[in-house]
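Have a look at the structure below before the remarks.
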Amino acid sequence: MQNEVTTDLASQLAKDFTEDCYIDVILSEHPELKVLWEHRISLSSPIDINGTNPVLHVLLEAVVEKQVQDKNPPETKVTVERLVKEGFSGHAARAAVASLLIPYIFKALKEKEPFNEESFVNRMGILGRTLGKVGRNDRCPCGSGKKYKKCCEEIREYLEVNHSAGLLILGQGAYAARDYLLSQTPDSPEVQMENRHHIAWYLAENGDLEGAVAVFKENIACAEQVNDEGLLNNALHDLEELCLDYDELSNEGEWVTTKLLALAKTDEESGFCRCNRADMLAVAGKEDEAEKEYQRMFSELPDWHFGRYRYAMFLDELDRTEEAIEVLQALIVKGDLIDRETFDAARSLLEDLTELE
């Protein structure tokens, strides 16, 4: 269903089944989704981030939140409270009911069928319960009077509840492995920052660079709030990578490289940051400032030879190819005095540039 809920259908779901105040409750529990939610109308539809539609996630939980607070139907609140007593978190309990809603919402939105409250209430009664062995021709345990095979067998997966229900994971690997993320709660910094990483790149790839920058800056603020330098470094590099990929973000790149320089602990970290900063200055039309940035780097990091290779690339981009060749030749002459990676990269680039002359 997730890939079938377009922006128009999502708007209809919000209009027919919930209200803004309940959506705000869900967004307060999933703050990493706030920018995506605000920018959803301008995005291609349906939204799909690694197979998940976060907008649908928000809406379904908001529908359940409304039912709980309005006590309509009263069984929703009763079911959530029962699941909490059975050891599930309130978030997981609400998410389990939201999952059960999926087939009903699908029929209401796509097939224009009236919401079948009686069936929904019956099924909430067995949500998360151990059904034991039920024959396909037995009466369905939900109390509908139908045979099991004609009733709840087809939605059995929605009747199971696990403790990670409601834990939204939009990807893995940027901040933590999936197994670690699954062991966390929705308010975990790693979970929220991982989600933001994938949201930001989704926004960027769909033309919303403003939204992508805003999301990455939220990650930076989150890392600063929890005072975790590792997370902060990661968040800053995320934004730096975005700025390197999109020339129009070069001004943001100046800001982020300044913050990265303050965290740099090795010549290599400082050098790469300075090179990236200089390249983004050049893209912004500030070629003189970019040149000065490289010269400062040479003065402060005289033994970081890879910076000379990056400088040659910089010169070639500015059509100063003869100067680039001179820089590369001076590097190669050093031979064993420089690291192998720099030597090989410089020789390869020199061969390419001399062939073009």
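The values are calculated or read from the model by the stated rules, or taken from the named source; none is laboratory data. Computed from a predicted model, the values in this text were never measured in an experiment. Virtual Cβ from ideal backbone geometry, glycine too; neighbours counted across all protein chains shown.
Take the residues in segment 242-269 that are closer than 14 Å to Lys217 by Cβ and charged (D, E, K, R), then tell me which one is surrounded by the most Cβ atoms within 10 Å (Cβ to Cβ). For segment 242-269, the residue satisfying everything is Glu252. Mind listing whichever residues of segment 118-141 are out of contact with any Phe, Trp or Tyr (no Cβ under 9 Å at 6 or more places or on another chain) and either of a type outside the set (A, V, I, L, M) or not assigned by the TED database to the domain that holds Lys85 (or both)? The answer is Glu118, Asn122, Gly125, Arg129, Thr130, Gly132, Lys133.
For segment 262-278, the set of residues classified as within 27 Å of the chain's Cα centre (by Cα) and of a type outside the set (Gly, Ala, Ser) consists of Leu263, Glu269, Phe272, Cys273, Asn276, Arg277, listed by residue number.
Within segment 102-135, being at pLDDT below 90 and within 32 Å of the chain's Cα centre (by Cα) holds for Ile102, Pro103, Tyr104, Ile105, Phe106, Lys107, Ala108, Leu109, Lys110, Glu111.
Name the single residue that is nearest to Phe120 (Cα to Cα) among those in segment 70-85 being of a type in the set (S, T, N, Q) and modelled with pLDDT of 95 or more. Give the steps one after another, and end with the answer.
Step one: of segment 70-85, the residues of a type in the set (S, T, N, Q) are 72, 76, 79.
When the remaining residues are screened for being modelled with pLDDT of 95 or more, the result is 76, 79.
On the way: Thr76: 9, Thr79: 12 Å.
That would be Thr76.
Out of curiosity, is Ala62 buried (at least 19 other Cβ atoms within 10 Å of the Cβ) and within 30 Å of Ser144 (Cα to Cα)? Please lay out each step first, then the result.
Values: buried (at least 19 other Cβ atoms within 10 Å of the Cβ): yes; within 30 Å of Ser144 (Cα to Cα): yes.
Judged against the criteria, Ala62 is a match.
For beta carbons closer than 6 Å, sequence separation of 6+ or different chains, a first residue in segment 204-217 that is under 15 Å from Ser45 (Cα atoms) and a second that is of a type in the set (Ser, Thr, Tyr), the qualifying pairs are Asn206/Ser44. With respect to the stated conditions, Lys34 is of a type in the set (D, E, K, R) and surrounded by 15 or more Cβ atoms within 10 Å (Cβ to Cβ).
Condition check ((1) more than 26 Å from Leu328 (Cα to Cα); (2) at pLDDT 95 or above; (3) of a type in the set (D, E, K, R)) across all residues:
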site: Glu240; (1), (2), (3): yes, yes, yes
site: Leu263; (1), (2), (3): yes, yes, no
site: Asn276; (1), (2), (3): no, yes, no
site: Glu289; (1), (2), (3): no, yes, yes
site: Phe298; (1), (2), (3): no, yes, no
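If you go through segment 40-53 and keep only what is out of contact with any Lys or Arg (no Cβ under 9 Å at 6 or more places or on another chain) and modelled with pLDDT under 95, you end up with Arg40, Ile41, Ser42, Leu43, Ser44, Ser45, Pro46, Asp48, Gly51, Thr52, Asn53. In segment 142-220, counting only helices (runs of 4 or more DSSP H) that sit wholly within it, the ones holding 1 or more residues that are aliphatic (A, V, I, L, M) and either under 9 Å from the mean Cα position of the chain (by Cα) or surrounded by fewer than 18 Cβ atoms within 10 Å (Cβ to Cβ) (or both) span 178-182, 189-205. The residue list Leu244, Leu260, Leu249, Leu239 contains one member that is in contact with a Phe, Trp or Tyr (Cβ under 6 Å, 6 or more places away or on another chain), part of a helix (DSSP H, G or I) and either farther than 21 Å from His197 by Cα or among the hydrophobic types (A, V, I, L, M, F, W, C) (or both), which is Leu239. Restricting the search to segment 327-344, which residues are within 14 Å of Gly271 (Cβ to Cβ) and in a helix (DSSP H, G or I)? The answer is Glu341, Thr342.
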